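All remarks here apply to the structure that follows.
The values are calculated or read from the model by the stated rules, or taken from the named source; none is laboratory data. Only a predicted model underlies this, so the values are computations on that prediction, with no experimental measurement involved. No Cβ is skipped: glycine too gets one built from the backbone with ideal geometry, and neighbour counts run over all protein chains shown.
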Amino acid sequence: MIELRDVVVAYDSRVILDSINLTVEDGETLVILGGSGSGKSTLLRLLIGLQRPTSGQIIVDGVDITTISEDEFNTVRQKMGMVFQYSALFDSMSVGENVAFGLRQHTDKKDDEINGIVSERLDWVGLRGYESYMPNELSGGMKKRVSLARAIALDPTLILYDEPSSGLDPITSGTISMLIRGMQERLDCTSIVVTHDMQSAFYVADRIALLDKGKFIEISPTEEFKHSSNPKVQQFINGAAEPIHIVARRDV
């Protein structure tokens, strides 16, 4: 489904992604972990076409998206669904209108068919009957579920999740993780999940990749990742902080 070949993103001398290579198989769920500034969000922006790499190739479903025009990329995007970190719902639109947005923009479906799809997708995420609600009437977890319903409205072959459990309590986070896994089974799609939530990562992932300073330092199946001998992997799993040398204050 996805192949990155020697992808570089750099701003002058500052390198964000350093000649990374990655293959994501059709139908798998890959979780990408990494600290702040490791390049995770940049990678998602590259895949959705919000940013172009400095060099390298990105192949999505057989198409090199680094060489195509914006109009051609819009066709590729219709195969993608994106669940944003802060949901990114349109505040002036109802829940139903948010979920229907892509269907109205990219298809010629009639209103009755669109409304049926909207109701079905909301039912899949446990929100049937919420079509007329406005985003400001929803909790954070409900907004994430609406964002997921919108992402799957066009039956994507690839779903990208940017910190889907960010800002949620553990119970709601667990619900989102179950939905990610459920969508994978229902749609038989490929999923890439960027998260800091280790419990969620271990639950949803077929493989896990760890980005560190713009490079993948580990890519392995979930069970192998858990027991990796790489000290940085274990540090990330266990939440161990990097040692910081603190200079004692001296009175002047």
Has region 143-156 got any residue that is over 29 Å from Val63 (Cβ atoms) and among the small types (Gly, Ala, Ser)? no
Quick test of your reading of the structure: Ile159 fulfils all but one of (1) in a helix (DSSP H, G or I); (2) touching a Cys at 6+ places or on another chain (Cβ under 7 Å). Name the failing condition by number. (1)
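Condition check ((1) within 25 Å of Arg181 (Cα to Cα); (2) of a type outside the set (A, V, I, L, M, F, W, C)) across all residues:
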residue	(1), (2)
Arg14	no, yes
Ser19	no, yes
Leu22	yes, no
Glu25	yes, yes
Ser41	yes, yes
Leu47	yes, no
Gly56	no, yes
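Given the structure, is Met134 aliphatic (A, V, I, L, M) and either on the phi > 0 side of the Ramachandran plot or touching a residue at least 60 places away in the same chain (Cβ under 8 Å) (or both)?
Working: aliphatic (A, V, I, L, M): yes; either on the phi > 0 side of the Ramachandran plot or touching a residue at least 60 places away in the same chain (Cβ under 8 Å) (or both): no.
No.
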Are any of the residues in region 159-179 free of Cβ contacts under 8 Å to residues at least 40 places away in the same chain and over 20 Å from Leu127 (Cβ atoms)? yes
Please specify each residue of region 49-71 satisfying the condition of being buried (at least 18 other Cβ atoms within 10 Å of the Cβ) and modelled with pLDDT under 90. Gly49
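Go through region 85-122 and report how many residues are in contact with a Lys or Arg (Cβ under 7 Å, 6 or more places away or on another chain) and among the aliphatic types (A, V, I, L, M). Full working, then the answer.
Start the filter on region 85-122 by keeping residues that are in contact with a Lys or Arg (Cβ under 7 Å, 6 or more places away or on another chain), which leaves 87, 89, 98-99, 101-103, 114, 119, 122.
Within this subset, residues satisfying the condition of being among the aliphatic types (A, V, I, L, M) are 89, 99, 103, 114, 122.
Residues that pass the stated criteria total 5.
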Residue that is farthest from the chain's Cα centre (by Cα), among those in region 72-101 that are buried (at least 19 other Cβ atoms within 10 Å of the Cβ) and β-branched (Val, Ile, Thr): Val95
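Out of everything in region 154-178 that is among the aliphatic types (A, V, I, L, M) and in contact with a Gly (Cβ under 8 Å, 6 or more places away or on another chain), what residue ends up being farthest from Gly116 (Cα to Cα)? Working first, answer last.
Initially, region 154-178 is screened for residues among the aliphatic types (A, V, I, L, M), giving 154, 158-160, 168, 171, 176, 178.
Filter once more, so that each one left must be in contact with a Gly (Cβ under 8 Å, 6 or more places away or on another chain): 154, 158-160, 168, 176.
Values: Leu154: 13, Leu158: 22, Ile159: 21, Leu160: 24, Leu168: 29, Ile176: 23 Å.
Per the criteria, the residue is Leu168.
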Go through region 105-152 and count every residue that is surrounded by fewer than 19 Cβ atoms within 10 Å (Cβ to Cβ), more than 24 Å from Asp169 (Cα to Cα) and within 23 Å of the chain's Cα centre (by Cα). 3
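Please verify whether Ile117 is at pLDDT 90 or above, among the β-branched types (Val, Ile, Thr) and assigned to a strand (DSSP E or B), treating the condition exactly as stated. Walk me through it before giving the result.
Working: at pLDDT 90 or above: yes; among the β-branched types (Val, Ile, Thr): yes; assigned to a strand (DSSP E or B): no.
The answer is no for Ile117.
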